[in-house]
Amino acid sequence: MADNEVSLATYHRLPQYLKALYEMRKEGRETVSSVALAEVLSLSPSIVKKDLSAAKVVDGKPKVGYVVSDLISDLEEFLGCNNVKDAVLVGAGKLGQALLGYGGFEEYGLNIIAGFDVDDAIIGKSIHGKKILPTGKLASAIEKLDIKIAVLTVPQEHAQAMADLLVKAGIRGIWNFTQEHIVVPESVALKNENMAASLAVLSAQLQEILRKENQN
């Protein structure tokens, strides 16, 4: 990996830093050291320093640390949180509706403007303040509003076909919550939220903790 590239692990941790820093700002805290931030997130100070360096934040001052407000601004800029990105959600079933109701996306720069579905029972309704529109209008909406990001929550058997439609309509980033391994061109960013894999990791971690406890 080149020196100017940021690892996926770092990208995964940076939002955690932001969340912790938001809480510190609410508490009125003005400065924080890399050691203190590491303790909050159960990380080593060296990892925190490496991550913040990769994110090109302003260096902390000796014996003072980082200014919380400045650190938040630097991380928000690096992650693009300051530039709110409009997105569409495709598949307004139970999972899709839950995501429409999640208020934390906008804090990190994502604004889901509407949901799309084929179910006449919910088309035309507003769910968590988001209008549900027919999938037939998806391509025209993407083009008209210049949408670049789509959240995909359709049934697994329709995932690839819908991904193909989204790419053809001009979508450049797909957040895939389906269990389908979809294929997209290299020019399209893809992030898979594999819940089965996450559960496997959680189970393995739990098994290791219990094994160590039984050895004591």
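The values are calculated or read from the model by the stated rules, or taken from the named source; none is laboratory data. Predicted model, so just to flag it, every value in this text is computed and none were measured. With ideal geometry, Cβ positions are generated from the backbone for all residues, glycine too; neighbour counts draw on all protein chains shown. Just so you know, the surface numbers come from the protein's heavy atoms only, side chains and all, with ligands and any DNA or RNA stripped out. Shrake-Rupley method; radii C 1.70, N 1.55, O 1.52, S 1.80 Å.
Ignoring aspartates and glutamates fewer than eight residues from Lys144 along the same chain, the ones with Cα atoms less than 14 angstrom from its Cα are Asp86. Rounded to the nearest 10 degrees, the angle from helix 8-26 to the longest Cα principal axis of the chain is 70 degrees.
Once you keep just the Cα pairs under 8 angstrom separated by 6 or more residues, what percentage relative contact order results for the chain?
In percent, rounded to a whole number, it is 12.
Between the amide H of Leu133 and those of Gly115, Phe116, Asp117, Gly124, distances stay under 5 Å, these residues lying 5 or more places away or on another chain, with hydrogens modeled in the peptide plane. A cut-off of 5 Å between modelled amide H atoms, ignoring neighbours fewer than 5 places along the same chain, links Val151 with Val88, Leu89, Val90, Trp175. Averaged per residue, the chain has 61 square angstrom of accessible surface, using a 1.4 angstrom probe with ligands and nucleic acids left out. Look at the alpha carbon pairs under 8 Å that are at least 6 residues apart: their mean separation over the length of the range 88-200 gives a relative contact order of 22 percent.
With respect to the chain, whose longest principal axis is taken over its alpha-carbon atoms, helix 159-169 is tilted by about 90°.
Between amide H atoms placed 1.01 Å from N, distances below 5 Å from Ala189 occur with Gly173, Ile174, all of them 5 or more places distant or on a separate chain. Here the peptides 23-35, 69-81 are ranked by packing, the mean other Cβ count within 10 Å, and the order with the highest first is 69-81, 23-35. Counting heavy atoms of the protein chains alone, Ser198 has an accessible area of about 70 Å² for a 1.4 Å probe. A 1.4 Å probe, protein heavy atoms only, puts the accessible area of His181 near 140 Å². Axis of helix 68-79 versus longest Cα principal axis of the chain: the two differ by about 40°, to the nearest ten degrees.
Beta-bridge orientation, the range 1-142: approximately 35 percent antiparallel, per DSSP, counting only bridges with both partners inside.
Between Leu43 and Ala169, the contour length at 0.36 nm per residue exceeds the Cα-Cα span by 41.2 nm. Summarising the strand pairing of the range 73-216, around 10 percent of its internal DSSP beta bridges are antiparallel. In terms of packing, defined here as the mean over residues of other Cβ atoms within 10 angstrom, the peptides 209-216, 40-47 line up highest first as 40-47, 209-216.
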